[in-house]
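The values are calculated or read from the model by the stated rules, or taken from the named source; none is laboratory data. Since the structure is predicted, the reported quantities are computational estimates derived from the model, not experimental observations. Here the Cβ positions follow ideal geometry from the backbone for every residue, glycine too, while neighbour counts run over all protein chains shown. The area values use the complete protein model at the heavy-atom level, side chains included, leaving out ligands, DNA and RNA. Shrake-Rupley method; radii C 1.70, N 1.55, O 1.52, S 1.80 Å.
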Amino acid sequence: MPFDGTKELAKIILSNVKKPEYCVFLHPDDERSYTEDELDNLKNRDFETRLFMTGTQCAGDTVFMRNHHTDNAEHASNFNYVRDYLKAFHVVKNWTCAKSVMTTLLTMCFQLEPSGYYSFATSLASGLSRQGANTDFEGEIPTESDDDFVDNAKIEEIPVGKRAGGSDHYGAKRMSALKMKNQIMLVRRDEDPVLIRRKLCFLMDVVFKRLAIRKFLVDDGRSNIYRLIHCQTKYAHNKKPLIIAVFAFILQISLTAYVILQFANLGLIEEEEEVVSNVFPHVMLPLALTTSLHSFMIAIPNFQESLFSYRIYGKIGPLQMMDFIMSALIPLVLTVSGFVVIYRETSFIEGVLNSTALLFIPEIDDQLPSILGLRTEEIVKNFLVAESVMTFDKMAKLEDADFSCAEMKNRNITTGVQFNDFYITNMTEQGITDGTPFQPYQVTVDTNQMGHQIDPSSFVTKDCLLKRIEWKYTTGYPRTTTPRIGYLHLTKIDNSEVEIERKKDPHGLVGIADYSHSIDGLFIITTFQMSEDVLKLRVCGSYNPPDFLTAFDCYSLWDVSSEAKRAISSMPCQKSGTTGFDRFNDA
């Protein structure tokens, strides 16, 4: 076999993880079957996805993804930036390097295709699960002397040629040992890995909070002139764009004030106008009702937006107050005053014009950026990069004691919430796998004897939510490294069930295993491909339903429908997991 670094990687992982006796290593480019020992090991492995980070490059990578099937799973996402970020911050303590890697990682996430980002974020979230308990690091091997180091490291002999007065055997060991000792390890002998995992959560929280803001302002189109001007001017020397925000605020306030004045002066209407209105009593009521209902429909989501937008501003200030007044208060004021003004109007055309004006006032701040030709996405990205650097500078001043669970709660750091990625079948981590989409799948129960449906969805609906997944692999090729699923049983959140079972093989070559696997909690299917058997199945989720929603918000995953959120909120809290032995219990 050509040298590919897999053996060296195996030695490193075996020396730095719990339960190393259950490790399995499959090189991504090596097509082979499991050995009998590896098959026995698989029986003791759960299905959570984990990460392992090395101090220096090994086997062509520095971050290795570990799933049920192998401890060296093939992945398309570039996790190396995450490791470089941690290494620069914790090991070498080079703030310039750390900030450079952080902003590069942030920019990379900006530029990823949606499916690529979701796959990257889902697998990384699984590694960060339970405050990083699913991530392990290469650490220093305890030694008393150079000879002990060689013995403990179990270094293979490397031919280096004869040396004067000595053997090539000793020279090989000596050079290999010195090479490993000179490597920069992520964990030193006197360090607590739990602290480093918590630091990783702090570091990635800086990135994911910026990604959440980007999703809010750019992807969801929730930017307005006040939020955009804040992004444009906070870290810029030129503050002139603030004039635009002040102008917009004055314009909207003035228009609203005139509506209120009209509402207050309705009692002064001349008597002849009242006579005209009596000819068609309540003729303006439908227009007044629909206009006010529209204003109210705008006011409710705007109020929720204003709460999230506080994350953008970080504190109460002039722009934040302008934004709150225009987004939350003005639509409510116009809902009440506008109804009365339109209802009391005597002219049909004036009623229509008033209705149009009332609908236009709350939209001024939303329309101004496009009218002025402001490049929303570029402004937001530059702001978030600068904001992440400022946040990092504050975090760099923290002592090790400050990276605590209490401090995570104080800072509202949700990165590290329990959430996992499960590769039920062995496949490459990537957004689109051989044409198979990576997105939520809806599970529809058949009621007409026409077969169940498992179809892709653009967002998480109630039909996507599963509380239990049970499966059995096929038999016939027991040593294959790409097992197929012959039996799949899905229990939805409403307790309806979908059962998929392969047809009996007339030749008796392929059957269904007797032993089943299962996970319980709240999950969605993210990759599904089926022929005669289920060829590809990847799911993600949490054992505790509240953690599911927290993770989706923290890592900016797919949108969750209101119906799905209500269904999740009604679920009881529980703590369960995969059947089988969890070899990486969180201490």
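Computed quantities for the displayed model
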read-out: Number of positions in the stretch 431-452 that are of a type in the set (S, T, N, Q) and at pLDDT 90 or above; value: 3
read-out: Every residue from the stretch 448-485 that is in contact with a strand residue (DSSP E or B) (Cβ under 7 Å, 6 or more places away or on another chain), part of a loop (DSSP other than H, G, I, E, B), farther than 23 Å from Ala564 by Cβ and open to solvent by less than 30 Å² (accessible area, probe 1.4 Å); value: Pro483
read-out: Index of the failed condition, Asn41 passing every other in (1) outside any helix (DSSP H, G or I); (2) open to solvent by 10 Å² or more (accessible area, probe 1.4 Å); (3) without any contact (Cβ under 8 Å) to a residue 40 or more places away in the chain; value: (1)
read-out: Hits in the stretch 67-94 - residues which are hydrophobic (A, V, I, L, M, F, W, C), in a loop (DSSP other than H, G, I, E, B) and open to solvent by 10 Å² or more (accessible area, probe 1.4 Å); value: Ala76, Val92
read-out: Qualifying residue in the stretch 418-428 (condition: touching an Asp or Glu at 6+ places or on another chain (Cβ under 6 Å), at negative phi, in contact (Cβ under 8 Å) with a residue 40 or more places away in the chain and not in a loop (DSSP other than H, G, I, E, B)); value: yes
read-out: Extreme residue, least open to solvent (accessible area, probe 1.4 Å), among residues of the stretch 508-567 that are without any contact (Cβ under 8 Å) to a residue 40 or more places away in the chain and within 18 Å of the chain's Cα centre (by Cα); value: Pro545
read-out: Asn94 being over 22 Å from the mean Cα position of the chain (by Cα), of a type outside the set (A, V, I, L, M) and on the phi < 0 side of the Ramachandran plot; value: yes
read-out: Residue check, Met326 touching a helix residue (DSSP H, G or I) at 6+ places or on another chain (Cβ under 7 Å) and either part of a helix (DSSP H, G or I) or modelled with pLDDT under 85 (or both); value: yes
read-out: Checking Lys162 against (1) loosely packed, with under 13 Cβ neighbours inside 10 Å; (2) modelled with pLDDT of 95 or more, the condition it does not meet; value: (2)
read-out: Condition broken by Phe64, with the remaining ones in (1) free of Cβ contacts under 8 Å to residues at least 40 places away in the same chain; (2) open to solvent by less than 40 Å² (accessible area, probe 1.4 Å) satisfied; value: (1)
read-out: Total residues in the stretch 286-317, condition exposed (fewer than 15 other Cβ atoms within 10 Å of the Cβ), among the hydrophobic types (A, V, I, L, M, F, W, C) and at pLDDT below 85; value: 3
